[in-house]
1. If I filter the range 47-59 for residues that are at positive phi and more than 13 Å from ligand 2 (Cβ to nearest atom), do I get at least one hit?
2. For residues in the range 69-81 being over 15 Å from residue 127 (Cα atoms) and at pLDDT 95 or above, which is nearest to ligand 2 (Cβ to nearest atom)?
3. Considering only the range 58-93, state which residues are polar (S, T, N, Q) and more than 16 Å from ligand 1 (Cβ to nearest atom).
4. Evaluate the range 214-237: report whether one residue or more is within 16 Å of ligand 3 (Cβ to nearest atom) and basic (Lys, Arg).
5. Step by step: first the residues of the range 295-311, then only those that are assigned to a loop (DSSP other than H, G, I, E, B) and under 17 Å from the mean Cα position of the chain (by Cα), then the one that is surrounded by the fewest Cβ atoms within 10 Å (Cβ to Cβ). Which residue is that?
6. List every residue pair whose Cβ atoms sit under 8 Å apart, with the two residues 6 or more apart in sequence or on different chains, where the first one lies in the range 207-226 and is over 20 Å from residue 78 (Cβ atoms) and the second, anywhere, is polar (S, T, N, Q) and more than 16 Å from ligand 3 (Cβ to nearest atom).
7. Would you confirm whether or not the range 251-266 contains a residue that is assigned to a loop (DSSP other than H, G, I, E, B) and either touching a Ser or Thr at 6+ places or on another chain (Cβ under 6 Å) or under 16 Å from residue 47 (Cα atoms) (or both)?
8. When you check residue 166 against the structure, is it charged (D, E, K, R) and free of Cβ contacts under 8 Å to residues at least 60 places away in the same chain, yes or no?
Amino acid sequence: MHKTVLLFCLAFLFGQCAEPGDSESPQLIVLGIAQDAGYPQAGCAKECCVGPWTDHNQRRYVAALAVTDPASNQRWLLDATPDIKDQIRLLDEMNAGHQLTPLDGIFLTHAHIGHYTGLMQLGREVMGAKSIPVFAMPRMVSYLTNNGPWSQLVSLNNIVLQPLSDKKAVKCSKSIRITPFLVPHRDEFSETVGYHIEGPNRSAIYIPDIDKWEKWDESIEEWIAKVEIALLDGTFFANGEIPGRDMAQIPHPFIEESMQRFATLPERERNKIYFIHLNHTNPALAPDSDAQKQIKQAGFKLAEQGQIFGL
Ligand SMILES: [Zn+2]
Ligand SMILES: [Zn+2]
Ligand SMILES: [Zn+2]
């Protein structure tokens with residue numbers, strides 16, 4: 001099957017297909033859309049997870065992206081999730097027809113379990129990877145260097161840590177640049193960053209975790225104006241979603257809040273926004289739910305696993 005057709009089919013299989021572009025130009029691929037715990041969540045016997053426990057097609061991997069450059073046969077991951085095993089496989093299948101390289105780098109956002117623990121699959125017990133560049137902010141670098149089992153990945157050269165600086169671009173290939181920027185989040189073990197991903201034609205921002213838009217010293221609206229694709233924290237749909245837990249301790253912009261905040265933006269701007277990193281309790285995970293309809297009617301979208309954006 002022709003590559004483009006195959007990519008279209010895969011994207012269709014996993015959900016909506018958004019302007020995949022020419023498969024010979026760089027692409028941004030959504031490898032997962034769930035919060036750190038994945039969907040369903042361990043131990044959850046509630047209504048929210050009944051669907052994915054019984055129907056495997058409803059399961060979703062933890063939020064992560066891949067960036068590919070067919071011209072140089074390179075590919076990078078943004079975040080190394082607990083689902084990395086299946087996500088590398090998904091990426092291999094989507095890249096079928098290209099000469100596959102090992103990963104050319106992994107960009108980490110922060111040290112919460114959904115975002116870096118997949119690194120374990122690169123070690124001696126599994127892939128025995130050779131010198132994969134892992135890009136991380138300074139506290140994250142020191143966390144990985146000084147704590148097992150991650151320190152062993154460093155000492156055995158499975159990974160080579162590449163310190164990042166706020167707002168300093170990394171030139172990945174001739175046509176791809178990835179730039180981290182700090183965002184406010186519960187930074188127990190590391191800083192937290194979002195990423196600006198620039199291709200030859202389009203660019204994207206990826207912010208899977210942020211406490212609240214108001215807590216950030218930058219304007220999310222200005223960022224949205226600058227890019228074509230904005231993959232934004234959609235962890236919870238609304239307040240009160242986790243009964244018995246103080247949601248002030250785990251702040252995120254509720255999708256309801258974000259939709260309200262962005263309601264005055266022109267349609268063109270709202271259309272750029274894709275919510276990602278959905279918690280298992282988020283009603284927008286359920287197919288044809290009211291939450292999904294509200295998001296769509298307001299001009300926003302949900303990121304879909306397997307979705308491809310041309311860059
Ligand atoms: Zn997270
Ligand atoms: Zn659940
Ligand atoms: Zn987090």
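1. No, the range 47-59 contains no residue that is at positive phi and more than 13 Å from ligand 2 (Cβ to nearest atom).
2. 81
3. Residues satisfying the conditions are 58, 68, 72, 73, 74.
4. yes
5. 304
6. Sorted first by the residue in the range 207-226, then by its partner, the pairs are 213/258.
7. yes
8. yes
The values are calculated or read from the model by the stated rules, or taken from the named source; none is laboratory data. Nothing here was measured: the structure is a model prediction, and the numbers come from that model. Positions of Cβ are generated from backbone atoms using ideal geometry, with glycine treated the same way; all protein chains shown enter the neighbour counts.
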